[in-house]
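Scroll down for the structure; my scribbles are underneath it.
The values are calculated or read from the model by the stated rules, or taken from the named source; none is laboratory data. Quick caveat: nothing in here was measured; it's all calculated off a predicted structure. As a convention, Cβ positions derive from the backbone with ideal geometry for all residues, glycine included, and neighbour counts pool all protein chains shown.
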Amino acid sequence: LMLENQLREAIEKQQFALYYQPKLELHSRRVLGMEALIRWHHPTQGLISPADFIPVAEETGLIVPLGQWVLEEACRQTQEWHQQGFTHLRVSVNLSARQFAKADLVEDVRKTLERTKLSTDALELEITESMVVDASSSANEKLVQLRQLGVEISIDDFGTGYSNLQYLKRFPLTSLKIDRGFVRDLMVDREDAAIIKAIILMARGLGLNVIAEGVETQEQLDFLLEHRCPMGQGFLFSPPLPADKFIEWIDSTE
Ligand code: G
Ligand code: G
Ligand code: NA
Ligand code: MN
């Protein structure tokens, strides 16, 4: 309850910031976009991880205003970068289950894109398997409408959620993110390596983009390049950075 009240206050007082982590095309090392990741600057406790407050925000429904703020700020910032000439940058925003379930999600996204004037194909939404395998036709309908807007849909933490792969056929997805749990031990665990290879091939066969998360070492990168994984994200390239540091980093690498 204490955290809930603090969260309410934090929303009012705008104690949140978005950090951005680059997503790269691996063979060229070109930055194609970034994932927006929320951070809470608590006045006395310092930086609080979303892992600690997103679940509470979910339970209490506070995720709805918070999630709307994230979407709006990510689109606003990306449009600002586009106007500064970084027109190739696409932004990925994480949706929580409750946000995805909201009846007017598509309308919220459409209005946010309109308000911020961000090109609709510069937005990607990251959802998890569990949000779509409940497989309601309304989930499918939402994804279809989002795709009609031009927004891309990525499955986050792919491979950790659910074993039913039928949804890959049925839903209009654009990208799979290989969970970083598979990437972490890929040099020592042959099973993880096999799973990664299979996901890359499957994604290619399905016409989906694929991105490996949690790339931390050159050896992991070499493996991913060898197996033609098109994209990656992780500490090897950059941690999530505040907006000003992110764009400085892009400038220094290009
Ligand atoms: O950035 P970090 O690794 O600390 O994030 C921890 C968890 O919080 C991750 O699972 C990440 O997906 C989630 N997260 C970060 N930002 C957001 C956000 O804006 N919305 C939602 N729903 N989850 C987020
Ligand atoms: O659940 P999701 O995939 O959205 O989580 C994103 C989180 O992963 C971010 O909070 C980010 O801090 C974290 N992250 C990003 N790159 C790496 C990495 O290379 N290694 C590890 N351990 N975590 C990472
Ligand atoms: Na994510
Ligand atoms: Mn993930």
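The rows are residues; the columns are (1) of a type in the set (D, E, K, R); (2) within 16 Å of ligand 1 (Cβ to nearest atom); (3) over 26 Å from Leu105 (Cβ atoms); (4) surrounded by fewer than 16 Cβ atoms within 10 Å (Cβ to Cβ).
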residue: Ala139; (1), (2), (3), (4): no, no, no, no
residue: Met202; (1), (2), (3), (4): no, no, yes, yes
residue: Gly205; (1), (2), (3), (4): no, no, yes, yes
residue: Leu208; (1), (2), (3), (4): no, no, no, no
residue: Glu254; (1), (2), (3), (4): yes, no, yes, yes
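Out of Ala74, Ala36, Ala103, one residue alone is at pLDDT below 95, out of contact with any His (no Cβ under 9 Å at 6 or more places or on another chain), within 27 Å of Glu129 (Cα to Cα) and aliphatic (A, V, I, L, M). It is Ala103. Scanning the range 201-245 for residues that are touching a residue at least 12 places away in the same chain (Cβ under 8 Å), out of contact with any Asp or Glu (no Cβ under 7 Å at 6 or more places or on another chain) and part of a loop (DSSP other than H, G, I, E, B) yields a count of 12.
Tell me, which strands (runs of 3 or more DSSP E) wholly within the range 1-111 include 1 or more residues that are in contact (Cβ under 8 Å) with a residue 12 or more places away in the chain? Give the derivation first.
Values: elements: 16-25, 30-42, 46-48, 90-94.
Filter on the range 1-111 gives 16-25, 30-42, 90-94.
Among the residues of the range 146-175, what is the count of those that are within 16 Å of ligand 4 (Cβ to nearest atom) and among the aliphatic types (A, V, I, L, M)?
First, the residues of the range 146-175 that are within 16 Å of ligand 4 (Cβ to nearest atom): 152-162, 173-175.
Right, trim to among the aliphatic types (A, V, I, L, M) and you get 153, 155, 173.
So the answer is 3.
State yes or no: is Val132 in a helix (DSSP H, G or I), within 18 Å of the chain's Cα centre (by Cα) and farther than 21 Å from Ala74 by Cα? Full working, then the answer.
Details: in a helix (DSSP H, G or I): yes; within 18 Å of the chain's Cα centre (by Cα): yes; farther than 21 Å from Ala74 by Cα: yes.
Here the answer is yes, as Val132 does meet what is asked.
All conditions but one from (1) within 28 Å of Leu224 (Cα to Cα); (2) part of a helix (DSSP H, G or I) apply to Ile127; the one that does not is (2). Remark: pairs (first residue in the range 162-191, over 19 Å from Leu24 (Cα atoms) and assigned to a loop (DSSP other than H, G, I, E, B); second residue of a type outside the set (A, V, I, L, M, F, W, C) and within 16 Å of ligand 3 (Cβ to nearest atom); Cβ separation under 6 Å; 6+ apart in sequence or on different chains) = Tyr162/Glu129. Scanning the range 79-128 for residues that are within 16 Å of ligand 3 (Cβ to nearest atom) and farther than 23 Å from Val56 by Cα, which turns out surrounded by the most Cβ atoms within 10 Å (Cβ to Cβ)? Of everything passing the filter in the range 79-128, Leu123 is surrounded by the most Cβ atoms within 10 Å (Cβ to Cβ).
Would you point out which residue out of Phe182, Phe171 is surrounded by 19 or more Cβ atoms within 10 Å (Cβ to Cβ), within 16 Å of ligand 1 (Cβ to nearest atom) and on the phi < 0 side of the Ramachandran plot?
Values: Phe171 fails: within 16 Å of ligand 1 (Cβ to nearest atom).
Step by step, each of Phe182, Phe171 is checked, and only Phe182 is surrounded by 19 or more Cβ atoms within 10 Å (Cβ to Cβ), within 16 Å of ligand 1 (Cβ to nearest atom) and on the phi < 0 side of the Ramachandran plot.
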